[in-house]
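Take a look at the structure below.
The values are calculated or read from the model by the stated rules, or taken from the named source; none is laboratory data. Remember, predicted model here, so these are calculated numbers, not experimental data. FYI the Cβ positions are ideal-geometry reconstructions off the backbone, even for glycines, and counts take in every protein chain you see. Ligands, DNA and RNA are excluded from the accessible area calculation, which covers all protein heavy atoms including side chains. Shrake-Rupley method; radii C 1.70, N 1.55, O 1.52, S 1.80 Å.
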Amino acid sequence: MIYTSGTTGRAKGVKREAATQEQATAYVELLRSVYGLTPGVRALIGGPLYHSSPNAYARQALPICDVLVMQTKFDPEAVLAAIEQHRISHMVAVPTMFVRMLKLPEEVRKRYDLSSLKWVTHTGAPCSAETKRALMDWWGPVVYETYGGTEVGTATLSTPEDWLAFPGSVGRITPGARMALYGEDGRLVAPGEIGEIFVRVPAYADFTYHNHPERRKEVERDGLISCGDVGYVKDDHLYLCDRRSDMVISAGVNIYPAEIEAVLLQCPTVRDCAVFGIPDEEMGESLAAAIEPMPGSQPDAGEIRA
């Protein structure tokens with residue numbers, strides 16, 4: 001039973017029903033298509049096994065891989081060293097890891113041979129177009145992206161070729177899955193309009209929240225399930241904005257902190273950041289940014305604001 005709370009809120013245990021044989025078969029096929037895991041791969045897991053994606057990845061890779069590398073913590077240079085040492089071909093990660101590897105000094109990044117990489121899957125949070133483009137310039141067209149959640153499973157897939165044609169998207173719906181976006185009035189939104197994302201992936205058995213069945217009813221609409229994310233569909237591709245609970249309303253305008261965080265992370269002096277709403281008598285809410293500096297640097301407040 002995997003626990004999930006998204007970005008905020010109390011953790012909820014996602015308790016699944018037993019899968020049917022049809023669902024079990026579809027699940028294996030789905031993970032093979034989104035993770036590229038086939039017999040003989042050499043895989044690295046960048047993340048803890050209590051998260052649903054690394055956990056599913058490990059269980060799928062273990063019976064068929066030649067090598068499965070798991071690390072006790074994330075260190076950007078140690079990941080590069082492990083890829084070279086073990087000739088890693090497949091990997092699962094989250095965008096923050098890419099940002100920190102990209103911010104290593106150029107001489108460190110060039111020190112390691114990463115030519116064995118064939119299929120790197122990332123999920124868990126929106127990845128800025130700038131970060132992903134820089135990563136593919138470095139690693140080549142080997143970066144795949146999925147969108148989903150502990151409750152719903154893997155709902156979309158973006159291949160490297162797909163993303164280069166539709167930069168910023170998280171891909172198309174996976175085979176057999178259903179998706180719809182609803183506005184605040186509960187109605188379906190038109191293509192290109194922002195709404196809350198609801199999906200259903202048939203390869204995953206139904207679930208309830210452990211000891212909280214009433215919360216299960218709150219996240220369903222027309223047979224589809226929401227993980228609390230907001231986005232829009234354009235040219236049959238899904239684009240993420242942010243989590244619904246993180247949205248800031250300032251003077252009646254919806255602001256998605258994830259978009260601002262993606263820009264701030266491009267600043268060379270910023271190692272990590274979080275943007276959130278704070279009370280404002282005139283505007284209702286205004287924005288604040290908490291900045292973690294790169295080691296040895298002192299970000300200038302004026303540069304950050306600019």
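Annotation note: trypsin sites (Lys or Arg not before Pro) in the stretch 76-163 located in DSSP loop regions with a Cβ neighbour count of at most 12 within 10 Å are K110. For the options V233, V143, V67, a Gaussian network treatment of the chain with springs between C-alpha atoms closer than 10 Å singles out V67 as fluctuating the most. Taking every DSSP beta bridge that has both ends in the chain, the antiparallel portion is near 75%. Among P54, I291, L157, whose Cα projects farthest towards the positive end of the dipole of the chain, with charges put on the beta-carbon of Lys, Arg (+1) and Asp, Glu (-1)? Sorting the options by dipole projection puts first P54. Only Lys, Arg, Asp and Glu carry charge here, each on its Cβ (+1 for the first two, -1 for the last two); on that basis the chain has a dipole of about 1140 debye about its Cα centre. Surface analysis of the chain yields an accessible area of 52 Å² per residue, using protein heavy atoms and a 1.4 Å probe. Between G195, G252, G296, the residue with the greatest mean-square fluctuation in the GNM of the chain (Cα pairs under 10 Å linked by springs) is G296. Longest stretch of the chain clear of exposed loop sites (GluC sites (Glu not before Pro), DSSP loop, at most 10 other Cβ atoms within 10 Å, sites excluded): 1-280. Looking at the stretch 21-104, the chymotrypsin sites (Phe, Trp or Tyr not before Pro) that sit in a DSSP loop and have at most 11 other Cβ atoms within 10 Å of their own Cβ are Y50. For the cross-link pairs K110/K132; K73/K110; K73/K118, the ones whose C-alpha atoms lie over 20 Å apart are K73/K110; K73/K118.
The share of alpha-carbon pairs in the stretch 73-209 lying farther apart than 25 Å comes to 36%.
Divide the volume of the convex hull around the Cα atoms of the stretch 1-150 by the residue count and you get 117 Å³ per residue. Distant-in-sequence amide contacts of R271, defined by a placed amide H-H separation under 5 Å and a gap of 5 or more residues or a different chain, comprise E292, M294. With helices as the sole contributors, the chain gives -7500 deg cm²/dmol at 222 nm; each DSSP H run of n ≥ 4 counts as -39500 (n - 2.57), and the sum is divided by every residue. What part of the accessible area of the stretch 25-182, given as a whole %, is carbon or sulfur when the probe is 1.4 angstrom? The computed percentage sits at 55.
Taking each full run of DSSP H in the chain as one helix, which ones are at least 24 Å long along their axis (Cα atoms) and have mean Kyte-Doolittle hydropathy of at least 0.0? Write out the running numbers ahead of the final one.
Details: long enough: none.
Span-like helices, by this rule, are absent here.
What are the trypsin sites (Lys or Arg not before Pro) within the stretch 148-237 that DSSP puts in a loop, where the Cβ has at most 13 other Cβ atoms within 10 Å?
Loop-located and lightly packed - R187.
Residues considered: A258, A11, A43. Largest GNM mean-square fluctuation over the chain, using C-alpha springs under 10 Å, is found at A11.
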